[in-house]
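Here is the structure we will look at, set down as structure tokens.
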């Protein structure tokens, strides 16, 4: 099993697709962070656009930007399995590992690990930009207060779990374009609406789980007023989504003839 | 040893493979022949556990492929030329297979050299020609030196030099004790390599015989002469079957020495004497067309 996971990690590293996903997730992180840096404590029409950096919620918002690119981890996971069907490399993969559930399990582990590494990269870049910005604007420069360890640690975990969820979804859908449309449409449209309209339902969705793990609301506004699961609950929820998709796929789409 | 028993596969109402049985033995190159759509690829994919049979069995050394321990070390397979990620280099493709199956990575450069890809090892497969992809598929198949090889149309996309090389390569492996099963829809490709041929049409075996037997049946001679009428009469007396086409005689039942003696007796001048090269091709067409219900 360890050999299979190492082979999957080599598969990811040996094409350049992951670099694109890393660039996109870092781009989203920096974009969100840029808004916070630009607007924190700045008055617009006589009102503060965002509370000043002395407000703990704003400090949390700075660091929560690290998790803005989680969707790209889901896409990375989706491509990790649908790409095998698209390029017909799935034939070779099943020749090497004819017990197909073992290949899927190895991919789940490998993409989780790769997602964690992406999370670390996003966190490092976020801290490298947010810390000096907070210092300049007179905010807290402690990485231990204001829930910062939870936000940053949660971001790393959320990225790993999102890659895993994407992999399970991709195994189920098989068609790359369809799977990505489902993921993006769900995250950007269905979830965004449900989170606001029905927060009691929203907390059980992937984005709600990320909010639970990182203890921060992605984007603007405080996360305090929304129904949110405990952090461990959020992590368990994402893991359950990924494993459930993968388990259903094992007994349906993954068993199909490879012609 | 490859053993296929009463193998059947239905795709909806289509019987792609219909009660197929044959064996491929160690030390032999077995040609798996048939027109396009005869069920060759489906049969090979069932052998390799990629397609689930509707009924019947396909065994490699007595086991189903999916039950083999470290299958890559037991069976080498090259199925289609397109199964590579275009953004991955040839060497990385082979390294992935090594890692996943627990084979030492030192063999990678060796098989790349063996298949003539040493110079392309670091290039992304997206830029490869069809022939280079075929070579990489072969390199993958022989990576772990397996005793059984299953190759689906391996000559597709190879240039004449590549086909010549492939023949020698397969011969060498079989002489070393490998079981080699190679499919083709072009008889000429396996004619010079195969020891045994299994001909399929419409999912059924129509002929399963040593190549020598088929060649023997199809054997005939082409004789061109300045005196066709005299020679034809003399060959007829010698017991040969003669089909005259202008100054060309197609002769069977008499060997080349017999033709020489007949020519001497008839005082006929020969301008050409050789084996009827299309004989085996004709047998192949007759066998497969008969099954399809058409005229040969």
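The values are calculated or read from the model by the stated rules, or taken from the named source; none is laboratory data. From a predicted model like this one, the values you see are computed outputs, not experimental measurements. Note that we place each Cβ from the backbone using ideal geometry, even for glycine, and neighbour counts take in every protein chain shown.
Looking only at the range A:143-161, count how many residues are in a loop (DSSP other than H, G, I, E, B) and under 16 Å from residue A:133 (Cβ atoms).
Going through the range A:143-161 one residue at a time, the tally reaches 2.
Look at the range B:165-185 and say how many of its residues are assigned to a loop (DSSP other than H, G, I, E, B) and closer than 23 Å to residue B:46 by Cβ.
The number of residues fulfilling the criteria is 2.
Got a sec? Which of A:213, A:180 is touching a residue at least 12 places away in the same chain (Cβ under 8 Å) and farther than 30 Å from residue A:39 by Cα?
The conditions single out A:180.
Within the range B:5-19, can one find any residue that is more than 14 Å from every other protein chain (Cβ to nearest Cβ), surrounded by fewer than 23 Cβ atoms within 10 Å (Cβ to Cβ) and within 21 Å of residue B:283 (Cβ to Cβ)?
No: zero hits.
Looking only at the range B:74-110, filter to residues that are surrounded by fewer than 22 Cβ atoms within 10 Å (Cβ to Cβ) and under 23 Å from the mean Cα position of the chain (by Cα); which one of those is modelled with the highest pLDDT?
B:74
Would you point out the residue of the range B:61-73, among those that are more than 7 Å from chain A (Cβ to nearest Cβ) and either crowded, with 21+ Cβ neighbours inside 10 Å or in contact (Cβ under 8 Å) with a residue 24 or more places away in the chain (or both), that is farthest from residue B:142 (Cα to Cα)?
Applying the filter and picking the extreme gives B:62.
Residues in the range B:29-37: is at least one surrounded by fewer than 22 Cβ atoms within 10 Å (Cβ to Cβ), more than 14 Å from chain A (Cβ to nearest Cβ) and either more than 21 Å from residue B:140 (Cβ to Cβ) or at pLDDT 95 or above (or both)?
Yes, the range B:29-37 contains a residue that is surrounded by fewer than 22 Cβ atoms within 10 Å (Cβ to Cβ), more than 14 Å from chain A (Cβ to nearest Cβ) and either more than 21 Å from residue B:140 (Cβ to Cβ) or at pLDDT 95 or above (or both).
Between residues in the range B:82-109 that are at the interface with another protein chain (Cβ under 7 Å from one of its Cβ atoms) and on the phi > 0 side of the Ramachandran plot and residues that are surrounded by fewer than 22 Cβ atoms within 10 Å (Cβ to Cβ) and in a helix (DSSP H, G or I), which pairs lie under 8 Å by C-beta distance while being six or more apart or on different chains?
From residues that are at the interface with another protein chain (Cβ under 7 Å from one of its Cβ atoms) and on the phi > 0 side of the Ramachandran plot, the pairs are B:102/A:3.
Any residue that is without any contact (Cβ under 8 Å) to a residue 24 or more places away in the chain and in the same structural domain as residue B:45 (by TED's automatic domain parsing) - is there at least one of those in the range B:185-199?
No, because not a single residue in the range B:185-199 is without any contact (Cβ under 8 Å) to a residue 24 or more places away in the chain and in the same structural domain as residue B:45 (by TED's automatic domain parsing).
What number of residues within the range B:115-132 are over 18 Å from residue B:178 (Cβ atoms) and crowded, with 17+ Cβ neighbours inside 10 Å?
Final tally of qualifying residues: 8.
Would you check which residues across the range B:129-164 are assigned to a loop (DSSP other than H, G, I, E, B) and more than 13 Å from every other protein chain (Cβ to nearest Cβ) and list them?
B:129, B:145, B:147, B:153, B:154, B:155, B:156, B:157, B:158, B:159 - these are the residues of the range B:129-164 that are assigned to a loop (DSSP other than H, G, I, E, B) and more than 13 Å from every other protein chain (Cβ to nearest Cβ).
Test each condition in (1) surrounded by fewer than 20 Cβ atoms within 10 Å (Cβ to Cβ); (2) at pLDDT 90 or above; (3) over 23 Å from residue B:2 (Cα atoms); (4) out of contact with any helix residue (DSSP H, G or I) (no Cβ under 6 Å at 6 or more places or on another chain) for residue B:135 and report the one that comes out false.
Status for residue B:135: all satisfied but (1).
All but one of (1) part of a helix (DSSP H, G or I); (2) at pLDDT 85 or above hold for residue A:195; state the number of the condition that does not hold.
Every listed condition holds for residue A:195 apart from (2).
With the condition kept exactly as written, say whether any residue in the range A:109-130 is surrounded by fewer than 19 Cβ atoms within 10 Å (Cβ to Cβ), within 20 Å of residue A:184 (Cβ to Cβ) and more than 15 Å from the chain's Cα centre (by Cα).
There is no residue in the range A:109-130 that is surrounded by fewer than 19 Cβ atoms within 10 Å (Cβ to Cβ), within 20 Å of residue A:184 (Cβ to Cβ) and more than 15 Å from the chain's Cα centre (by Cα).
Under the condition of being over 21 Å from the mean Cα position of the chain (by Cα) and within 9 Å of another protein chain (Cβ to nearest Cβ), which residue from the range B:48-60 is surrounded by the fewest Cβ atoms within 10 Å (Cβ to Cβ)?
B:52
Please pick out the residue among A:95, A:104, A:39, A:9 that is in contact with a strand residue (DSSP E or B) (Cβ under 7 Å, 6 or more places away or on another chain) and either within 14 Å of chain B (Cβ to nearest Cβ) or at pLDDT 95 or above (or both).
On inspection, the qualifying residue turns out to be A:95.
Looking only at the range A:12-31, count every residue that is touching a residue at least 40 places away in the same chain (Cβ under 8 Å) and either away from chain B (no Cβ under 14 Å) or within 20 Å of residue A:188 (Cβ to Cβ) (or both) and tell me the total.
So the count comes out to 9.
Among A:160, A:166, A:153, A:119, which is under 21 Å from residue A:212 (Cβ atoms) and free of Cβ contacts under 8 Å to residues at least 12 places away in the same chain?
On inspection, the qualifying residue turns out to be A:153.
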